[in-house]
């Protein structure tokens, strides 16, 4: 039962898409916290 | 060694620039630290963004950037999926973090909890487990880091290892948990950008379809969903990860340090954001057959392929990513283990009447001592020592149930918890040597569950939650 | 449990060295003598030219070369993704001269039923943990 190319593609692109979002999410959250002066 | 892909001068430059940056940052952050709570727990007021980033960064160790490609190279698609399931540790810790903060708003360490909840015997067993794990992790980070730096750049192992330890000890000492958390934030962003860039360039240069076709032709087993060893590895790895997070003061100290009502959200987000990372760092290993490039040892497959695809620039990124990943875990581990030594061993055993000012001093001294011990253990480069972390799977998985039951059930009694941890560890350790690494955490966890269940049926402790406050 | 650890004994052939340029190759295995996971490392001592390739065949006389690998200068290579079977490896230079002895690698994956059993034990334990946590957080919320 081998992973077909279609599934492999879905897996890699989903992972890559999600991790591309990660730094953006963290930066936006930090900006919000900083504005509200709630970083610490 | 022909794996050297970055000039030694560049490596030294990166180490110096980042070292100075982090130490200065640590000093700046720590300049207003006054009390023990400031130093050990960042004033117990860490906001959502920093909380999520620090949980994520600490869980991205040099292992995530090296072991994920290695497991993918050895166990295929299940290897990287299995490794990414370590995110479950963070996700499942989310409700526990909330409960911990609610039960012990003034707590400092996980040792505090075990002592008050289960009494001295269980606490001693727990301390052995926790310290064995901490040293296993410290040594594997220090040694793994030194080896990697020397393989990537030709920089002498002892120089690289000493440099990274020295830098981390310095800024942790200057800034306490605040410095650890703030550098973690910056390091997370660096690591993420690095691994994403490597992945994108890799795909655009090679093509996903070419990678898949080559693997299917030359190493089909890696795409097999019924790969036996990989199936066995999967849940063992999940329980190893859960055990690591549930018991370790690295995570408990974060639960105490995060602002009220932040802990649960932060751990959940960190887990979800961490989940895809091992796939992004791991799939690159599958490019080996397409490139016709095979590593000398499988732990070097990630850096080898990244450097091949991206050339000198790739090597530069790999170096920075791995250096950041190592630092972000090493600093957290130094801080959390020093807390454990300060509060539990010094304040709990050696000098029970120590005041907070005394403890603050001890906390700083113990960071230095920990750094020195780790350095001394790493210096002779006994390669087998780096494997110790794998053995600790048996220990840490035995603590999962005692911690879960201890946090939610008043019934579970201290002797039973001690027995569960000791029994689970013993069985897991035996099976580690008799059968293999992929059964030790799982068996330890099963045994500990059975002991706990028998204890829950036989005794009722009627524990008063107020005793934790 | 020990019985399923080692079933076949690995045969590492070490032919006599016949010339100076001959490299002695051996299998560097971890715990098991038979690869249970389809990955293994081969290493060789002595200098080999850059044009040398590692060849794989499924018979001792190397009648049909099934795969060729470029080698690195570390004197070691780790291969993975092999299915069950017996595989033969040797080093040959560009003029088709043998420059090493040959090595036999046996790959015998864990029986699938054993692996699936482990998988389901793990799954059951995992479901136990998740449901305990779900129930506990629910109850504490209503408290």
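A compact table of results
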{"read-out": "Filter result (under 20 Å from residue A:23 (Cα atoms) and not in a helix (DSSP H, G or I)) within segment B:55-79", "value": "B:60, B:61"}
{"read-out": "Selection from segment A:1-13 of residues that are surrounded by fewer than 14 Cβ atoms within 10 Å (Cβ to Cβ) and more than 7 Å from chain B (Cβ to nearest Cβ)", "value": "A:4, A:6, A:10, A:13"}
{"read-out": "Meets criteria (under 30 Å from residue C:132 (Cα atoms) and more than 14 Å from chain C (Cβ to nearest Cβ)) for residue B:333", "value": "yes"}
{"read-out": "Within segment B:222-241, tally of residues that are in a helix (DSSP H, G or I), farther than 16 Å from residue B:282 by Cα and more than 19 Å from the chain's Cα centre (by Cα)", "value": "4"}
{"read-out": "The listed residue being assigned to a loop (DSSP other than H, G, I, E, B) and at pLDDT below 95, out of B:108, B:83", "value": "B:108"}
{"read-out": "Residues located in segment C:57-67, provided they are part of a strand (DSSP E or B) and more than 9 Å from chain B (Cβ to nearest Cβ)", "value": "C:57, C:65, C:66"}
{"read-out": "Subset of segment B:421-437 [part of a helix (DSSP H, G or I) and either free of Cβ contacts under 8 Å to residues at least 40 places away in the same chain or in contact with a strand residue (DSSP E or B) (Cβ under 9 Å, 6 or more places away or on another chain) (or both)]", "value": "B:423, B:424, B:426, B:427, B:428, B:429, B:430, B:431, B:433, B:434"}
{"read-out": "Residue in segment C:126-140 that is away from chain B (no Cβ under 14 Å), without any contact (Cβ under 8 Å) to a residue 12 or more places away in the chain and either part of a strand (DSSP E or B) or surrounded by fewer than 18 Cβ atoms within 10 Å (Cβ to Cβ) (or both) present", "value": "no"}
{"read-out": "Matching residues, segment B:87-107, being surrounded by 24 or more Cβ atoms within 10 Å (Cβ to Cβ) and away from chain C (no Cβ under 13 Å)", "value": "B:90"}
{"read-out": "Search result, residues across segment C:68-90 that are part of a strand (DSSP E or B) and either more than 19 Å from the chain's Cα centre (by Cα) or more than 14 Å from chain B (Cβ to nearest Cβ) (or both)", "value": "C:86, C:88, C:90"}
{"read-out": "Test: residue B:278 is within 14 Å of chain C (Cβ to nearest Cβ) and either under 25 Å from residue C:70 (Cβ atoms) or in a helix (DSSP H, G or I) (or both)", "value": "no"}
{"read-out": "Lone qualifier among B:269, B:231, B:226 - being within 12 Å of chain C (Cβ to nearest Cβ), farther than 27 Å from residue B:135 by Cα and crowded, with 23+ Cβ neighbours inside 10 Å", "value": "B:231"}
{"read-out": "Of residues in segment C:30-52 being more than 13 Å from the chain's Cα centre (by Cα) and surrounded by 18 or more Cβ atoms within 10 Å (Cβ to Cβ), the one nearest to the other protein chains (Cβ to nearest Cβ)", "value": "C:44"}
{"read-out": "Odd one out for residue B:42, checked against (1) in contact (Cβ under 8 Å) with a residue 12 or more places away in the chain; (2) part of a helix (DSSP H, G or I); (3) surrounded by fewer than 24 Cβ atoms within 10 Å (Cβ to Cβ)", "value": "(3)"}
{"read-out": "Of all residues in segment A:22-40 being surrounded by fewer than 18 Cβ atoms within 10 Å (Cβ to Cβ) and over 18 Å from residue B:261 (Cβ atoms), the one that is farthest from the other protein chains (Cβ to nearest Cβ)", "value": "A:35"}
{"read-out": "Scope segment B:390-404; condition surrounded by 24 or more Cβ atoms within 10 Å (Cβ to Cβ), without any contact (Cβ under 8 Å) to a residue 60 or more places away in the chain and either more than 16 Å from residue B:239 (Cα to Cα) or within 12 Å of chain C (Cβ to nearest Cβ) (or both); matching residues", "value": "B:401"}
{"read-out": "Per-region count, segment B:428-469, residues within 12 Å of chain C (Cβ to nearest Cβ) and over 14 Å from residue B:390 (Cβ atoms)", "value": "13"}
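The values are calculated or read from the model by the stated rules, or taken from the named source; none is laboratory data. These figures come from a predicted structure and were not determined experimentally. Every residue, glycine as well, gets a Cβ built from its backbone with ideal geometry; the counts of neighbours run over all protein chains shown.
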